[in-house]
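Asker: Starting off with a structure, shown below.
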Amino acid sequence: MPRKTRTRVHEQREPNVNPSPSPDPIIAIATGYMGAKQLFAASRIGLFAALRDGERTAAELAEATGVTPRMARILADSMSGLGLLSRSDGRYRLGDTAAAYLVGEKSELDLAPFLTFLNEISYGHWLQFDTTVDTTEPGTLDTSGDRWGTFMAGVMTYNALHAKMLAAGFDFSGYRELLDLGGLSSGFAMEALRANPGLRATFVYDPSFADMVAEQVAQAGLADRATVSGAPTDTATPAGSFDLVMVNHVVHRFNAEQNRRILANARAAAAPGARLLLLDFFLDDDPEQRAIDALHAGEYLVIDGTVVYEESEVRGWLAEAGWRAVDKLALPGSPRVLVAEAV
């Protein structure tokens with residue numbers, strides 16, 4: 001009799017519709033300081049500047065920067081892996097982002113002073129963050145000697161980035177009278193003046209900043225279109241009927257009552273229908289919090305105890321002061337801007 005053939009029945013497995021989550025996000029966050037420190041080092045030794053005129057090998061980068069070939073290879077590979085350089089046949093070249101922001105005078109904006117601030121001031125300060133978490137108190141900030149200069153150069157460089165991003169994200173044409181109230185950097189208004197030749201600006205800054213701002217405006221060749229005066233930000237009552245008002249990096253530096261007063265005084269100086277640009281970091285109520293704002297909430301708190309407020313609270317202050325929020329701009333690598341209309 002013929003032998004029966006046994007047919008093997010294969011199990012049909014359901015596709016894995018719920019794959020195990022990847023640990024990559026956790027590892028990327030937990031090791032982020034490694035990439036940051038290597039970026040700071042690469043900037044400090046001039047790795048990016050060494051590639052300004054064309055591609056080089058690790059050995060050539062070592063010779064140009066004064067570090068060992070092993071160190072040049074590690075830094076160049078890390079920057080390549082993080083997307084700032086590209087690598088082909090052992091030769092490295094600048095990526096577009098590095099070329100725009102990390103190669104000195106040929107950059108659109110050289111962020112090196114900001115990286116130096118992060119490395120020499122901010123990074124070490126974050127070692128006190130565990131105490132800040134347990135107490136909600138800032139760490140001890142050392143600004144002695146050259147550290148204050150490093151601090152201010154870094155902050156002003158970062159502000160310059162914010163100003164450029166705002167100029168690219170907001171249309172300044174059509175406005176005639178700008179009030180820049182209580183900011184830390186003249187760069188925001190000066191970018192607006194460059195974008196709109198018909199615009200005039202009035203700077204009302206803390207008296208300790210007024211002379212510096214006047215000098216910056218004069219050096220930029222914009223003194224004939226600007227007025228600078230000094231007054232404490234939380235009590236300043238600018239006179240005028242401005243159709244555009246800037247309040248940049250102000251909110252996080254003051255308490256709720258002071259901010260209510262600042263926004264009310266800004267509204268009193270604004271013409272009906274004027275636009276307000278309120279630039280700062282905010283904790284939002286969106287389904288996914290914008291990471292850079294939340295990270296700066298920690299940075300501001302540990303550095304000097306200042307506050308990144310909830311966006312909903314700030315919108316409440318705006319409404320109380322006679323401003324109606326009409327838009328929100330998320331600036332790349334920078335804070336957000338609440339755009340409001342005077343009502």
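Asker: For Leu109, which of the numbered conditions (1) more than 25 Å from His296 (Cα to Cα); (2) modelled with pLDDT under 95 fails to hold?
Answerer: (1)
Asker: Answer yes or no as to whether Ala62 is buried (at least 19 other Cβ atoms within 10 Å of the Cβ) and either within 21 Å of Asp110 (Cα to Cα) or in contact (Cβ under 8 Å) with a residue 24 or more places away in the chain (or both). Steps first, please.
Answerer: Numbers: buried (at least 19 other Cβ atoms within 10 Å of the Cβ): yes; either within 21 Å of Asp110 (Cα to Cα) or in contact (Cβ under 8 Å) with a residue 24 or more places away in the chain (or both): no.
So Ala62 fails the test.
Asker: Among all residue pairs at least 6 apart or on different chains, which show Cβ distances below 7 Å where the first residue, located in segment 328-343, is closer than 15 Å to Ala160 by Cα and the second is surrounded by fewer than 16 Cβ atoms within 10 Å (Cβ to Cβ) and among the small types (Gly, Ala, Ser)?
Answerer: Close Cβ pairs (under 7 Å, with a partner that is surrounded by fewer than 16 Cβ atoms within 10 Å (Cβ to Cβ) and among the small types (Gly, Ala, Ser)) amount to Leu331/Gly169; Arg336/Ala330.
Asker: Taking segment 252-287 as the region of interest, how many residues are over 15 Å from Phe242 (Cα atoms), loosely packed, with under 15 Cβ neighbours inside 10 Å and in contact (Cβ under 8 Å) with a residue 60 or more places away in the chain?
Answerer: Count: 1.
Asker: Suppose the filter is among the β-branched types (Val, Ile, Thr), surrounded by 16 or more Cβ atoms within 10 Å (Cβ to Cβ) and in contact with a Pro (Cβ under 8 Å, 6 or more places away or on another chain); does Val302 pass it? I'd like the intermediate steps shown before the answer.
Answerer: Values: among the β-branched types (Val, Ile, Thr): yes; surrounded by 16 or more Cβ atoms within 10 Å (Cβ to Cβ): yes; in contact with a Pro (Cβ under 8 Å, 6 or more places away or on another chain): yes.
So Val302 passes the test.
Asker: Scan the helices (runs of 4 or more DSSP H) fully inside segment 191-310 and keep the ones with 2 or more residues being among the small types (Gly, Ala, Ser) and touching an Asp or Glu at 6+ places or on another chain (Cβ under 8 Å). If you could, list the steps in order and put the result at the bottom.
Answerer: Numbers: elements: 207-219, 256-268, 291-304.
Hits in segment 191-310: 256-268.
Asker: Looking only at segment 315-327, decide whether some residue is of a type in the set (Lys, Arg) and surrounded by fewer than 16 Cβ atoms within 10 Å (Cβ to Cβ). I'd like the intermediate steps shown before the answer.
Answerer: Step one: list which residues in segment 315-327 are of a type in the set (Lys, Arg), which gives 315, 324.
Applying the additional criterion that residues be surrounded by fewer than 16 Cβ atoms within 10 Å (Cβ to Cβ) yields 324.
Scanning segment 315-327, I find at least one residue that is of a type in the set (Lys, Arg) and surrounded by fewer than 16 Cβ atoms within 10 Å (Cβ to Cβ), so the answer is yes.
Asker: Are any of the residues in segment 185-194 among the aliphatic types (A, V, I, L, M), closer than 18 Å to Phe114 by Cα and either crowded, with 20+ Cβ neighbours inside 10 Å or outside the structural domain of Ile303 (by TED's automatic domain parsing) (or both)? Don't jump to the end; show me each part of the working.
Answerer: So in segment 185-194, the residues among the aliphatic types (A, V, I, L, M) come out as 189-190, 192-193.
From the residues that got through so far, the ones that are closer than 18 Å to Phe114 by Cα too are none.
No - not one qualifying residue is present in segment 185-194.
Asker: If we only count helices (runs of 4 or more DSSP H) wholly inside segment 85-172, which ones have 3 or more residues that are in the same structural domain as Leu277 (by TED's automatic domain parsing), within 30 Å of Ala62 (Cα to Cα) and free of Cβ contacts under 8 Å to residues at least 40 places away in the same chain? Break it down stepwise before answering.
Answerer: Numbers: elements: 96-101, 112-117, 129-135, 147-169.
Counting at least 3 such residues, we get no helices (runs of 4 or more DSSP H) at all.
Asker: Quick check on segment 313-323. Is at least one of its residues outside any helix (DSSP H, G or I), among the charged types (D, E, K, R) and over 21 Å from Phe242 (Cβ atoms)?
Answerer: No: zero hits.
The values are calculated or read from the model by the stated rules, or taken from the named source; none is laboratory data. These figures come from a predicted structure and were not determined experimentally. Here Cβ is always computed from backbone atoms with ideal geometry, including for glycine, and neighbour counts include all displayed protein chains.
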